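These notes concern the structure reproduced below.
The values are calculated or read from the model by the stated rules, or taken from the named source; none is laboratory data. In this text the structure is predicted, and so the values were computed from the model without any measurement. So basically every Cβ, Gly included, is an ideal-geometry build from the backbone, and we count neighbours across all protein chains shown. Please note that ligands, DNA and RNA were not included when accessible areas were found on the heavy atoms of the full protein model with its side chains. Shrake-Rupley method; radii C 1.70, N 1.55, O 1.52, S 1.80 Å.
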Amino acid sequence: MVSSIESSVGTERKVVTELPGPKSRALHERRKAVVSAGLTTGFPIYIERGEGAIVVDVDGNRILDLGSGIAVTTIGHAVPEVIEAVSAQVAAFTHTCFMVAPYESYVTVCEELAALTPGTHAKASALFNSGSEAVENAVKVARLATGREAIVVFDHAYHGRTNLTMALTAKNMPYKDRFGPFAPEIYRVAMSYPFRDGRSGADAAALAISEIETQVGAHNVAAVLIEPIQGEGGFIVPADGFLPALSEWTTKNGVVFIADEIQSGFCRTGEWFAVNHEGVIPDMVTTAKGLAGGMPLAALTGRAELMNAVHEGGLGGTYGGNPVACAAAVATIRTMRDRNLNARAREIGETILSSLRSLQQDVAIIGDVRGRGAMIAMELVQPGTKNPNATAAKSIVSYCNQQGVLALACGTYGNVIRLLPPLVITDEQLADGLSVLCAGVRAAG
Ligand code: PLZ
């Protein structure tokens, strides 16, 4: 069964119909009648199967996936280890609710999280269904453990779409517009954005800290919540020293430092977590996405004294840490370790960076190329300025799509193209994807 799936999907990108093809277009018509218009799909090809870095649509087109379903299928599609673990778990049992009748895989996932997240201190975790839910719970625990209410977040931040996490997310359109009122006691301060603010990490941290101290008061702050590399906001890598300075300030002031590693975690940046690049040890870490290789699972991991400050029954949910998702996570983490995917992420990063940096020499619309490991982006500008060029981003994404390559845009200004390939992408597939992308950039520039 596993081998027939493996052998049935080719490894090369191959477009056999116009895109989207006739079957995808027909499905899209059906969808319009019944799926909320609030959900949009940039490139509505309907997927039938996948393997590694290739997804196959209902018209038989083989599409190269450079987005991993937004950093989720980090170990690739249809990974044999995950197929086996999930299939066995589905056959054994699919649900009991961990609060009703527990099972081993939940505990194993929490053991892995304790071992892999930064720091050797005692840790405890709780498992949830989505990234937003993990972030919501981080806020709950930080408030309870500190007895304080204020939560500090940053410009360009993305933390989710639920009511509380919408308030934590910076960008209005499309995430927040007319969906309020929003949760109170959320304060936004300046992010370090080297391409746009030109500040050193120390200066950017001093600015953020002074905003917190003058506008909120350190003693009111329960937590500082930050993506160590911002995802939806534009793959913004803060200047060196920014995260360590913030982390030091939180420690001095009894504030919980929460790293939202939902997009940047689990080998994406060439480390288990993006904070590892700067030796920062967060008090709490939220994870999801890459953690379970495509099954919905999220986690909140934190210092045991914070996580265990919660009263009995204070955390939970029907599906959180579902056994099938936990089985997938155990297999996913093992696969990451066995295949040394952190090293592979770094190799992929070097290849992408060198290709995009050399392109930047002759194309005036690339303002910045940045990122770590296999989390790399280019920020597009109007030639000769730093003014955002969202039109170019749109046309490059659609060029890639027409060639059978899935690429994603992001950014507060919609002008960033981000690459999040599955880490099992082959050198040939990566070279192919980059040549399509570079042609798209040249055409737009
Ligand atoms: N924190 C850092 O990246 C999810 C959002 C896609 P959920 N990012 C993709 C979209 O448009 O909804 C994300 C993230 C960071 C939290 C989240 C939220 O995770 O699993 O989507 O709830």
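Couple of notes before you dig in:
- Any hit, segment 166-176, residues being more than 25 Å from THR301 (Cα to Cα), near the ligand (Cβ under 10 Å from one of its atoms) and among the aromatic types (Phe, Trp, Tyr): yes
- Close Cβ contacts (under 9 Å, 6 or more residues apart or on different chains) running from residues in segment 251-267 that are over 12 Å from TYR158 (Cα atoms) and assigned to a loop (DSSP other than H, G, I, E, B) to residues that are among the basic types (Lys, Arg) and away from the ligand (no atom under 16 Å from the Cβ) comprise GLY254/ARG148; VAL255/ARG148; CYS267/ARG344.
- When GLU271, GLU312, GLU305, GLU232 are checked against the criterion of being out of contact with any Gly (no Cβ under 6 Å at 6 or more places or on another chain), without any contact (Cβ under 8 Å) to a residue 12 or more places away in the chain and either open to solvent by 20 Å² or more (accessible area, probe 1.4 Å) or within 12 Å of the ligand (Cβ to nearest atom) (or both), GLU312 stands alone in meeting it.
- Of all positions in segment 357-370, at least one carries a residue that is free of Cβ contacts under 8 Å to residues at least 60 places away in the same chain, under 28 Å from GLY52 (Cβ atoms) and of a type in the set (Ser, Thr, Tyr).
- Residues of segment 301-339 that are within 18 Å of PHE273 (Cα to Cα) and either touching a Lys or Arg at 6+ places or on another chain (Cβ under 9 Å) or of a type in the set (Ser, Thr, Tyr) (or both): THR301, GLY302, ARG303, THR332, THR335.
- Residues that are surrounded by 16 or more Cβ atoms within 10 Å (Cβ to Cβ) and not in a helix (DSSP H, G or I) within segment 201-217 comprise just one, VAL216.
- In segment 320-345, the residues that are in contact with an Asp or Glu (Cβ under 9 Å, 6 or more places away or on another chain) and open to solvent by 40 Å² or more (accessible area, probe 1.4 Å): ARG334, ASP338
- Screening the candidates ASP427, ASP362 for the property of being at pLDDT below 95 and surrounded by fewer than 17 Cβ atoms within 10 Å (Cβ to Cβ) yields one hit, ASP362.
- Residue check for PHE195: more than 25 Å from GLU136 (Cα to Cα) and either away from the ligand (no atom under 16 Å from the Cβ) or basic (Lys, Arg) (or both): yes
- Residue selection: GLY279 fails the criterion of being over 18 Å from ILE75 (Cβ atoms) and within 13 Å of the ligand (Cβ to nearest atom).
- Taken over segment 111-144, the residue count meeting the criterion of being in a helix (DSSP H, G or I) and either under 30 Å from GLU185 (Cα atoms) or touching a residue at least 40 places away in the same chain (Cβ under 8 Å) (or both) is 18.
- None of VAL363, VAL324, VAL285 is away from the ligand (no atom under 15 Å from the Cβ), under 25 Å from VAL416 (Cβ atoms) and out of contact with any Cys (no Cβ under 8 Å at 6 or more places or on another chain) except VAL363.
- A residue that is more than 21 Å from the chain's Cα centre (by Cα), under 20 Å from LEU430 (Cα atoms) and among the small types (Gly, Ala, Ser) cannot be found anywhere in segment 25-41.
- The numbered conditions (1) open to solvent by 10 Å² or more (accessible area, probe 1.4 Å); (2) in contact with a Phe, Trp or Tyr (Cβ under 8 Å, 6 or more places away or on another chain) are all true for ARG357 except (2).
- Here segment 111-162 is the region considered, the condition is being basic (Lys, Arg) and touching a Ser or Thr at 6+ places or on another chain (Cβ under 7 Å), and the residue that is farthest from the ligand (Cβ to nearest atom) is LYS123.
- Selection status of ALA78, under 19 Å from MET336 (Cβ atoms) and open to solvent by 30 Å² or more (accessible area, probe 1.4 Å): yes
- With respect to the stated conditions, SER264 is within 12 Å of the chain's Cα centre (by Cα), assigned by TED's automatic domain parsing to the domain that holds ALA327 and small (Gly, Ala, Ser).
- Within the set GLY317, GLY294, the sole residue that is touching a Phe, Trp or Tyr at 6+ places or on another chain (Cβ under 7 Å), assigned by TED's automatic domain parsing to the domain that holds GLU104 and not hydrophobic (A, V, I, L, M, F, W, C) turns out to be GLY317.
- Taken over segment 176-200, the criterion of being over 19 Å from TRP249 (Cβ atoms), among the charged types (D, E, K, R) and either in a helix (DSSP H, G or I) or not assigned by TED's automatic domain parsing to the domain that holds ILE151 (or both) is satisfied by ARG196 alone.
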